[in-house]
Every structure is written in structure tokens, then in C-alpha cells.
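S.K.: Okay, here's the structure, questions in a sec.
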Amino acid sequence: MATVGIRAVRKRFGGNEVIRGIDCDVADGELLVMLGPSGCGKSTLLRMVAGLEPISGGEVAIGGRVVNAVEPKDRNIAMVFQNYALYPHMSVFDNMAYGLRIRGLPKAEIAGRVRAAAEMLELAPFLDRRPKDLSGGQRQRVAMGRAIVREPDVFLFDEPLSNLDAKLRTQMRVEIKRLQTRMGVTSLYVTHDQVEAMTLADRIMVMNAGLAEQVGTPAEVYARPASVFVAGFIGAPPMNLVPVQVGGGSAILPDGARLALPAGAGQGARAATLGIRPEHLQPDPLGPVRMTVDLVEALGADTVVHGRLAGGTVLLARLPGDAAVRAGDALALAAPPEALHLFDPGTGRRI
Amino acid sequence: MRRKVIFRNRWLPYLLLAPQLGVTLVFFIWPSLQAVWQSFLREDMFGLSSTFVWFDNYRVVLADPGYMAAVRRTAVFSVAVALAALMPALLLAVMVDRMLKGVAFWRTILVLPYAIAPAVAGVLFLFMFNPSVGVVARMLTAAGVDWNPRLDGTDAMILVVLAAAWKQISYNFLFFLAGLQAIPKSLLEAAAIDGAGGWTRFRTIVLPLLSPVTFFLVTVNVVYAFFDTFGVIHAVTQGGPAKATEILVYKAWYDGIIATDFGRSAAQSVILMIVVIALTAVQFRYIDRRVQY
Amino acid sequence: MHSLHDRTPWLALIVIGAGIVLTLFPVWIAFTASTLPPQAIARGDLLLPGAEGAATYRTILFEGARTSRMAAPPVSGLLWNSLIMALVIAAGKIAISVISAYAVVFFSFPGRMLAFWTIFITLMLPVEVRIVPTYQVVAGLGMLNTYAGLTVPLIASATATLLFRQFFLTIPDELVEAAKVDGAGPMRFFLDTVLPLSRTNIAALFVILFIYGWNQYLWPLLITTRADMDTIVIGITKMIGAGDALTDWNLVMATTVLAILPPALVVLAMQRQFVKGLVDTEK
């Protein structure tokens, strides 16, 4: 068990800086999800924690010990790779036992640990098989097993579920969460899937272009996105982001409609980006937002309505599944003041 | 060409490379440099001293009508071997490819000569075509052909070409067959629907798609005929009769090892080296082209 | 598919049949000649085997052909020399190529490209273009008429190195990283993972290189002067001598059959690896 400290960490490839100074402290037993689009540097950051990628600046500490110059094998970490990286010529048992053998553990101890992990992951019947004779989900579990038997200080997961089909992914997500809670091992988990992030994480680090845009619990990240990027990245369908003028306690939409801001906000006149989640826009005959419906997506539980303000601004609203709306309808909507988010149009940060 | 993920170690890679580089430097690079160096030297009659003579050896070699005859002979020999080894191989490959069953079985038998040394192939042909006891020679004589490779230069040339080609057919066959089987059957079906008959399909679809393989095999066969057939010549004719089958490699060996004229043999070696480099370059252009596909 | 092959492939059968005859006839004749008495060979009755085979093979294998016209050493010795040469060359080439490819692919170090090109350039330097100086180097090292002289100078291999390099480049990065996390160093990874994964490539190369070694001609001709150091291929051509009617063709052909047998058996037994090896080494 250990904490992980990431302090002012930077990574350069040639002249190209892909991690531009990230700070984060992961508590003992916590599961931190690093979430972001491809190319944001999340895998690189994870690999620097693993020791697979040299650190260009700053430091990484595991259990209070700075490990910048420590080989991966001496960091007491275990890693689950996206493509599992199972040794194709070794049986399931040998794949799990390999790291323990290299560390010179006694045979009986190795066998005990591997059997226990296999039991936990329901792999016991497959211990003699080769990876190629296993299904995708089974291979994924072997990769997990290989990490578990090591009894490491830290688990590192690099998009471990992205090679599975949707159904298996959901199933394995639950299984990972259960295992991690039960074992209480500090974990860093990289993914580009926000559902995975929201369901698994104790805290999420939302990354963009080599920076941590926000670190917070899933609820915080959802309820108070720290930037336009986070606001747009988390939530499906995504948050509406509309350029507005702020003044006199209201936000003025491009078509002139005024939305009341929470008490005390928006006094000085300025330009801003207004964020409203689609689910916060609800029909209200007196509502200030008047839009013409373009397209209706009936999803069963919800109905997603695509509409247009008078000036052409596109808005999404998420209505109940039984909402009787059709393309061409005029719709009046309102949003509660506390559900409105304002961002600086220049920096993108929350106001 | 390097992997992204590597190991860090100061001395291990050198240790791993040492045997290969050692053998390469001592037995490949150094002798080759020696060959170049010797090609500029002339030893005195007793081999006691040598003088630097610039390009004299090359001048002598290239002005030697015997050498130029060997160049022409080698050209004839190479083209003949390449043709005699490629044509039957293509024919056989096309026929085996048409078989729906037993491809592996036919292939097994037809590739057998690959395992036979060129010199041994030469001995087999020497026996079959021996004017006094050879089975084939008897048939030729019975058919009224005046056959005697021991005395007739043309007969001798035909004999070494046949022996050299026979051994190489299996290699070409294997590559042609692989090339044919790589052609998607759907292409041929599309052509058939477009109204192309069997011969048209072969000419307009199969041959063009086979051209990279063919090109590759031509260079391989020329290299084979130039260098690997030394054993055939040495076993069957010793370059005779009257040098009628003395190809360049044989001459370089003879002048150097038997006649011990190191300078001239070295000059011949360097000329051959240039030929190999040119042929290798051609071969690698083929690989470049294939990468583009 | 069927419509393209609607006619009975009579033509194909005829052509393939002719090919098979062409392929096997010379070998068949060699076999029958090795079982016939010299008189039958002289008469030209070669199509069917005779009864002298056992005696002929026993003679050449263990006593050597000692007739009025020649004195060849026992073929068993020649076979042994060929076997040593083929095995050492095949094993040696594979061993030094697999480790040098590993060095070039899995490490970064000063001189890496130079090393690679030095190996690569040997493709363009066959023995045939450097006959005399190579002979002089081997002679200078006192390696004439030795197994070391027959084999060591041939075990550098650009082809095998390129093949292994090609294969190593396909090993996924994550596998290397998993090994690092598991605590495996470079040699451990090589022995535990890279070598086992290279098994099929090694087998394929082995077939090709065994044949290459067995069939060497110019090299043993240069390096050996003692009859007891000859390979079987060299031994045959020495037995032919003048190559005329006086040659003991039954003895020569028996030796020839014995020279063909080992590489042919290797090809037949390892057919799949052989085809793979042949195609892969030309990539």
C-alpha cells in the first residue's frame, strides 16, 4: 500500500513537450482515473509512474520515495496493458508466475498466490492453457491476475478494457471496481471512456494537451467543471456551450433571451461562455429559451431534442422519454440558475 | 527500424554483436579489402616482392581476349540458365496451381532438387549425358545427334546449362507457385465474368500480377548462374573443352589458385564484386517496389 | 471457382507428370546405377535396379573405393565431415545471427548503424569474389584442413540476421514492458521470451542453412587438401577423375545417392519449415 506523488512532472519528446507540468497526490488505496482524449498524454504519464518512460522534469514518488531513477521492477508496481501483453508461449499459470519466479519466491508460495488469484478471477480451469486459447475477457483477467499475484504497492491500468466488446467491458468494469475496493491497492487507471471514469474513480484527473484540467471526484467534475474542456468532455450528450453577454445578474443569449444567474453572480458586464447541461433545460411555457426543434432522438428513457435559437445557435435538451415533441415544434425551456456555468471565453476557465 | 521500447545496457549489445562482427571483419571485410589492394599490385616471378602498379592488372585483364571471351560466355550461360530454369518452373507452377487437390504433394516432389548440391546435379547430368554410358547420350546418338561434351564446346555448354537449370527449377517453381496462390481468386472470377478466356486471363491478369516475383527471380537466377554454378562447372567440365565453359568465377578461381597469378585474380574478383553489388542493388529495388504495393 | 476449372485438368496432369519425371529421373538413374554391376552400366541397362546395391554401398561406406583406377577414402568419413560442416554452419549462423539481431533491435548504442551495415554488406561479398585473400587469411590462421576452417569463416550471416531482425520488430512493445515490470532484464527476456517465440523461424532457417552448409563446394575445395577432410560432395567429383568410360560409375552413383539423401530427408521431414524458410529469407 502506498501513496503516489506526481510533482511538476514534465515529458519532452525531442522539442515537443507532451506533459507540461502536472501535480497530483494519490492517497493510499485511492483509485485515480486519468481521463482524456487520445494524445492528451495520459498514457505517457502512467508510463512515467511505471518507469517505462524517463521523466524529463519534476518527480514521481511512490510511498514517499522518489523513484525517478528506479527501474520498473524495483518500484513494486504492477501494470495491466491495453493489449494485455501476455507471453504467448507461456501457460496462464506461467504468465502469472513469471514475475514471482524472477523475484525468486519459493515455489509453494508462487503456486499458492497464482491459485488464489485464479480462484478470485475464475481462471482456475484455464491455468494450463495458452493465451491464444482464451477468449478476450479471459485474457484480460489473466493480465489482471498477473498484476494481482505480485501484491504490488500500486496497480497501473492502461486502457485495460478498450479491447473488449461493450457488454464485456461493462462486466469487467464492475469486476475491477470490486477487486480494487476489496484489495484496497492504490491504483492509477488510464481511459478515454468517461463512463468508465465516472463509475470507477475515487477521483478523476481530466487531461488535455499535457495538462491536468481538473482533478476531483466524479460528482465534482460533473457538477462544477473547471473549464470549458472538462464541461464539454464529461457528460453525454455534451453540455451546451453558448457565447453570452453577462450583466445585471443575467446571461443574455445571442437571440436576446435572458437567463437569470444565481443570486450575486454576473453583476459586472462582460462576455462569457455559458454552459447548460441538456438535462437542465426543461420545458416551461414561461421559459426564456425559445427554440425550434430540428431533430428528435427518442432513446427510450430519454428524448434528446436538437433545436435552434432565432440566431441559429444550436442547443440540445434532454427531456423525459415520453415527451411529445416533434421536429418543427416551437419549444419554450427554462434552466434553474444554479445549473448554469460561466466560463471565461479567453482562458476557458470557470468564472 | 528500431523499436520504441528498448533495454539500456552499456556493454551487452557489443558483446552480443562480437561473434558476428568478428567473423565478418576477419573473413569478409578484410579479405575483400585485400582483394582490392592486391588488384593494384604485381608480384615478381618468385612471389618475393610486389610493386604497386595502379590499374595495370585491370588493363591486362580487360585487354585479355581470353577474359572478354569469358565475359561473353558468362552472359550466354547466365541468360540460358535463367531462361531454362524460369520457363519450366512457371509452366509447372501454373499447372500445379490449377490442381484443386494434392498441391502440397506435387510441390513436395518438385522441390526436391533444391536439396541437391549444384556439383552433385552436375555429376547426375554428367552421368546421363556421358557419351559412352549415359542413358540420354545413347538416345541422342540413336537419334542421330552427334553428341560429345568432352570434345564439343557447344555440347559441353548445353550440358552445364541443363545441370545448373535443373537444380534451380525447384526454387523458381516454389516462388511462382507462392505468387500464383497469392493472386485473389475473385480477380480471376471477375475477369471471367468480364468475358476473358483462360489464356487472356493468364496474359492480362496473372502475368502482370506475377511480375514482381518474376523480376525478383530473374535477378536471383542471374546471381545463381554467375556464382553458385562454380560447382557445376568444376565437376562437369573443368571449364573445358578448350575453355568453352570457363565462366568468370571459374576463371578467377583458376587464375588465382591454380595459376597463382594473385594480382590478376584479384582484379577479376573486384570486377565480380561490382557485379554482385549491382545485382544486389537491383534486387533491393524490387523490395522497395513491393513495399509500395 | 469451378467455372474456371471446368475441364478435366488433363493438360495439367500431363505437364506435372513430365515435371515429376524430369525431377526424379536423374535421381532414379543414379540409384539404379548404384545397384548394378559395372558391366550392366556399360550396356546401358539402367532403368531397373540390380542386386549389387548392398555390396556396393558397404564397399564405399566402410572401405572406400579402391580399384585400379582410384583410391577414395571411405564415404562414411566424408559423410561425417559433411554432417559436421552442415550442422556447425547451420547452428553457428543461427546462434550468432539471433544474438546480433537482438543487439541491433533491442538496444540503442553508439555504432549501432555501423554494425548493422557491416553485417548487411556481407550480402555482397560471397566467397566467389574474394577467393585468394580469404584463402590466405585462413591459411595464415593455420585453419587449413580443419573443421574450424571449414565452418567458422562461413557462419557470419546477413540473411539470418535480417530475418531475425524483421521478426523481432514485430514483437509488441507491451511485451517488453510487461517483462520489464515483471523484473526481467535483457538476457532474461531474450532467453525466456524472444528465443521461445523465435522457434519457428529458427526451424525454418535451420533447414535452409543445413542444405547451404551440406552443399558447399568452392569453400571446402579451397580449404581442404587432405582427402580425409573432404566433404562428400568434393569426394564425388574427385572419384570421377577423368570422367570417361573408365570411371566406376556404380561407386560414384552410390556416393552420389548418399550425398543427396541427408539434405533430401531434411527437406521432406521439415517441408513446412523449408518452404517458410525459403520464402522468408528472401524478404
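The values are calculated or read from the model by the stated rules, or taken from the named source; none is laboratory data. Here the structure is a predicted model, which means the values were calculated and not measured. As a convention, Cβ positions derive from the backbone with ideal geometry for all residues, glycine included, and neighbour counts pool all protein chains shown. For accessibility, only protein heavy atoms count, side chains too; no ligands or nucleic acids. Shrake-Rupley method; radii C 1.70, N 1.55, O 1.52, S 1.80 Å.
S.K.: If you count, for each residue, the other Cβ atoms within 10 Å and average over each peptide, how do A:323-332, A:151-160 line up from highest to lowest? Don't skip to the end; give the middle numbers.
M.R.: Working: A:323-332: 12.5, A:151-160: 22.7.
By packing density, highest mean first, the sequence is A:151-160, A:323-332.
S.K.: When Rg is the radius of gyration of the Cα atoms in the range B:57-290 and Rh is its Kirkwood radius, what does Rg/Rh come to? Walk me through the numbers on the way to the answer.
M.R.: On the way: Rg = 20.5 Å, Rh = 19.6 Å.
My calculation of the ratio gives 1.04.
S.K.: Taking the simple approach of a point 7 Å from Cα along Cα-to-Cβ for both A:E119 and B:I109, what is their distance in nm?
M.R.: If labels sit at A:E119 and B:I109, their model points lie 6.2 nm apart.
S.K.: Moving to a separate point now. Please sort through the DSSP H helices of chain B and keep those with an alpha-carbon extent of at least 27 Å along the long axis and a Kyte-Doolittle average not below -0.5. Don't skip to the end; give the middle numbers.
M.R.: Values: long enough: B:65-98 (50 Å, 1.34); B:153-181 (41 Å, 1.15); B:262-292 (45 Å, 0.82).
Going by DSSP H runs, the hits are B:65-98, B:153-181, B:262-292.
S.K.: Additional query: Go through A:42-51, C:25-34, C:10-19 and give me the packing order, highest mean Cβ count within 10 Å leading.
M.R.: Values: A:42-51: 23.1, C:25-34: 21.2, C:10-19: 15.0.
Result, highest mean Cβ count within 10 Å first: A:42-51, C:25-34, C:10-19.
S.K.: I'd like the mean, over residues of B:255-266, of how many other protein chain beta carbons sit within 10 Å of each residue's own Cβ. The partial results should precede the final answer.
M.R.: Working: counts 2, 6, 6, 0, 0, 1, 1, 3, 1, 0, 3, 4.
Shielding by partners across B:255-266 averages 2.
S.K.: With every protein chain present, what is the per residue accessible area of chain B (1.4 Å probe, Å²)? Walk me through the intermediate numbers first.
M.R.: Values: 13130 Å² over 293 residues.
That works out to 45 Å² per residue.
S.K.: Can you tally the net charge around A:I102? Count Lys and Arg as +1, Asp and Glu as -1, for every other residue whose Cβ sits under 10 Å from the Cβ of A:I102.
M.R.: Details: positive: A:K73, A:R101, A:R103, C:R188; negative: C:D182, C:D192.
My count for the surroundings of A:I102 gives +2.
S.K.: Also: What FRET efficiency do you get for B:A242 and B:M87 if R0 is 30 Å and r is their Cβ-Cβ distance, rounded to the nearest 0.05?
M.R.: Details: r = 30 Å, r/R0 = 0.99.
FRET efficiency, B:A242 to B:M87: 0.50.
S.K.: For the range C:79-279, what does the accessible surface come to per residue with a 1.4 Å probe? Please give it in Å².
M.R.: Working: 6160 Å² over 201 residues.
In whole numbers, the range C:79-279 has 31 Å² accessible per residue.
S.K.: For B:G240, what charge total do you get from the other residues with a beta carbon under 10 Å from its beta carbon, if Lys and Arg give +1 and Asp and Glu give -1?
M.R.: Working: positive: B:R150, B:K243; negative: B:E246.
Surrounding charge for B:G240 is +1.
S.K.: Give, as ranges by residue number, the residues of the range A:1-39 whose backbone N falls under 18 Å from the point 7 Å along Cα→Cβ of A:V70.
M.R.: Answer for the range A:1-39: A:1-9, A:24-30.
S.K.: Per DSSP H run of at least 4 residues, take -39500 (n - 2.57); add these up for chain C, divide by its residues and hand me the 222 nm value, nearest 500 deg cm²/dmol. Don't jump to the answer; show the numbers that get you there.
M.R.: Values: 15 runs with 183 residues, N = 283.
Helices in chain C give a 222 nm mean residue ellipticity of -20000 deg cm²/dmol.
S.K.: Can I ask one more? Bins of 10 Å, beginning at zero and ending with the bin holding the largest distance: percent of Cα pairs per bin for the range A:124-183, please.
M.R.: Whole-percent P(r) values from 0 Å outward: 19, 54, 27, 0.
S.K.: Tell me, what % of the accessible area of chain A is carbon and sulfur with a 1.4 angstrom probe? Write down the numbers at each step before the final one.
M.R.: Details: 7650 of 14680 Å².
Ligands and nucleic acids excluded, carbon and sulfur reach 52 percent.
S.K.: Is any residue of the range B:90-131 close enough, with backbone N under 19 Å, to a label point placed 7 angstrom from the Cα of C:W10 along the Cα-Cβ axis, and if so, which?
M.R.: The answer is B:95-96, B:98-100.
S.K.: From the Cα gyration tensor of the range B:7-154, with a ≥ b ≥ c the square roots of its eigenvalues, which class applies: rounded if a/c is under 1.5, or else prolate if a/b is larger than b/c, or else oblate?
M.R.: On the way: a/c = 2.78, a/b = 1.28, b/c = 2.17.
Oblate, since a/c reaches 1.5 and b/c is not below a/b.
S.K.: May I pose another question? I'd like to verify something in chain C: which complete DSSP H helices, judged by Cα projection on the helix axis, reach 20 Å or more and average at least 0.0 on the Kyte-Doolittle scale? Show your work: numbers first, answer last.
M.R.: Working: long enough: C:10-35 (35 Å, 1.98); C:75-106 (46 Å, 1.89); C:199-214 (22 Å, 1.45); C:249-269 (29 Å, 1.92).
Those that pass (Cα extent of 20 Å or more, hydropathy at least 0.0) are C:10-35, C:75-106, C:199-214, C:249-269.
S.K.: Could you give the alpha-carbon Rg of the protein assembly as shown over 2.2 N^0.38 Å, rounded to two decimals? Intermediate values should be presented prior to the final figure.
M.R.: Details: Rg = 38.0 Å, N = 927, 2.2 N^0.38 = 29.5 Å.
Normalised by 2.2 N^0.38 Å, the Cα Rg of the protein assembly as shown equals 1.29.
S.K.: Taking R0 as 35 Å, what FRET efficiency do you get between A:R349 and A:V314 from their Cβ-Cβ distance, rounded to the nearest 0.05? Could you put the intermediate results ahead of the total?
M.R.: Working: r = 24 Å, r/R0 = 0.68.
According to the calculation, E is roughly 0.90.
S.K.: Still on this structure, I have one more. Under the classification rounded if a/c is under 1.5, otherwise prolate if a/b is larger than b/c and oblate if not, where does the range C:76-147 fall, given a ≥ b ≥ c as square roots of the Cα gyration tensor eigenvalues?
M.R.: Here the range C:76-147 falls in the oblate category.
S.K.: Is there a simple number for the mean count of other chain Cβ atoms within 10 Å of the Cβ of residues in B:273-282, and what is it?
M.R.: Working: counts 6, 2, 2, 6, 5, 1, 1, 4, 1, 0.
Other-chain Cβ atoms within 10 Å of each residue's Cβ, averaged: 3.
S.K.: Of the peptides A:215-228, A:173-186, how do they stack up when ordered by the mean number of other Cβ atoms within 10 Å, highest first? Please list the in-between numbers first.
M.R.: Working: A:215-228: 17.9, A:173-186: 16.4.
Highest mean packing first, the order is A:215-228, A:173-186.
S.K.: Can you tally the net charge around B:G66? Count Lys and Arg as +1, Asp and Glu as -1, for every other residue whose Cβ sits under 14 Å from the Cβ of B:G66.
M.R.: That works out to +1.
S.K.: Using a 1.4 angstrom probe, figure out how much accessible area the range A:215-351 has per residue, in square angstrom, rounded to the nearest whole. Walk me through the intermediate numbers first.
M.R.: Working: 6330 Å² over 137 residues.
Per-residue accessible area for the range A:215-351 comes out at 46 Å².
S.K.: Next question. Only bridges with both residues in chain A count here: give the DSSP antiparallel percent, nearest 5. Working shown, then result.
M.R.: Values: 58 of 76 bridges.
In chain A, approximately 75 percent of DSSP beta bridges are antiparallel ones.
S.K.: Moving on to the next point. What does the charge dipole of the range C:79-279 about its Cα centre add up to, to the nearest 20 debye, if the Cβ of each Lys and Arg holds +1 and the Cβ of each Asp and Glu holds -1? List each step's numbers first, then the result.
M.R.: Values: 11 positive and 10 negative charges, 41 e Å.
Dipole size: approximately 200 debye.
S.K.: Given the rule -39500 (n - 2.57) for each run of at least 4 DSSP H residues, summed and divided by the residues of chain A, what is its mean residue ellipticity at 222 nm, to the nearest 500 deg cm²/dmol? The partial results should precede the final answer.
M.R.: Details: 8 runs with 85 residues, N = 351.
Theoretical 222 nm ellipticity from helices: -7500 deg cm²/dmol.
S.K.: Right, something else. Just the ratio, please: alpha-carbon radius of gyration of the range C:2-51 over 2.2 N^0.38 Å, N its number of residues. The partial results should precede the final answer.
M.R.: Working: Rg = 17.2 Å, N = 50, 2.2 N^0.38 = 9.7 Å.
So the range C:2-51 has a normalised radius of gyration of 1.77.
S.K.: Ignoring ligands, DNA and RNA, please state the percent of accessible area on chain C from carbon and sulfur, probe 1.4 Å. It would help to have the intermediate numbers written out before the result.
M.R.: Details: 7370 of 10790 Å².
The value for chain C is 68 percent carbon and sulfur by accessible area.
S.K.: Take every DSSP beta bridge whose two residues both sit in the protein assembly as shown, then give the antiparallel share in percent to the nearest 5.
M.R.: Numbers: 62 of 81 bridges.
About 75 percent, rounded to the nearest 5.
S.K.: R0 = 25 Å: FRET efficiency of A:I102 with A:T199, Cβ-based, nearest 0.05? List each step's numbers first, then the result.
M.R.: Numbers: r = 35 Å, r/R0 = 1.38.
Efficiency for this residue pair is about 0.15.
S.K.: Once you keep just the Cα pairs under 8 angstrom separated by 6 or more residues, what percentage relative contact order results for chain A? All intermediate terms of the calculation are to be shown ahead of the outcome.
M.R.: Working: 744 pairs, mean separation 55.2, N = 351.
It comes to 16 percent, rounded to a whole number.
S.K.: Right, something else. Extension gain C:L48-C:L114, at 0.36 nm per residue separation less the Cα-Cα distance, in nm?
M.R.: Values: separation 66, 0.36 × 66 = 23.76 nm, distance 5.88 nm.
Gain in length upon complete extension: 17.9 nm.
S.K.: Expressed as an acute angle from 0 to 90° and rounded to the nearest 10, what is the orientation of the C-alpha long axis of helix A:107-120 relative to the principal long axis of chain A?
M.R.: 30
S.K.: Give me the percent relative contact order of the range A:89-170, please, defined on Cα pairs under 8 angstrom at least 6 residues apart.
M.R.: Values: 63 pairs, mean separation 30.6, N = 82.
Relative contact order for the range A:89-170 comes out at 37 percent.
S.K.: Size of the dipole of chain A about the Cα centre, Lys and Arg at +1 and Asp and Glu at -1 on the beta carbon, nothing else charged, in debye to 20?
M.R.: On the way: 39 positive and 36 negative charges, 160 e Å.
Roughly 760 debye for chain A.
S.K.: Once you average over the residues of C:89-102, how many Cβ atoms of partner chains fall within 10 Å of each Cβ?
M.R.: 3
S.K.: Counting only protein heavy atoms, what percent of the accessible surface of the range B:148-293 is carbon or sulfur at a 1.4 Å probe? Provide the component values of the computation, followed by the final result.
M.R.: Values: 3770 of 5860 Å².
Carbon plus sulfur share of accessible area: 64 percent.
S.K.: Here's a follow-up. Quote the relative contact order of chain B in percent (integer), defining contacts as alpha-carbon pairs under 8 Å separated by 6+ residues. Working shown, then result.
M.R.: On the way: 322 pairs, mean separation 78.6, N = 293.
It comes to 27 percent, rounded to a whole number.
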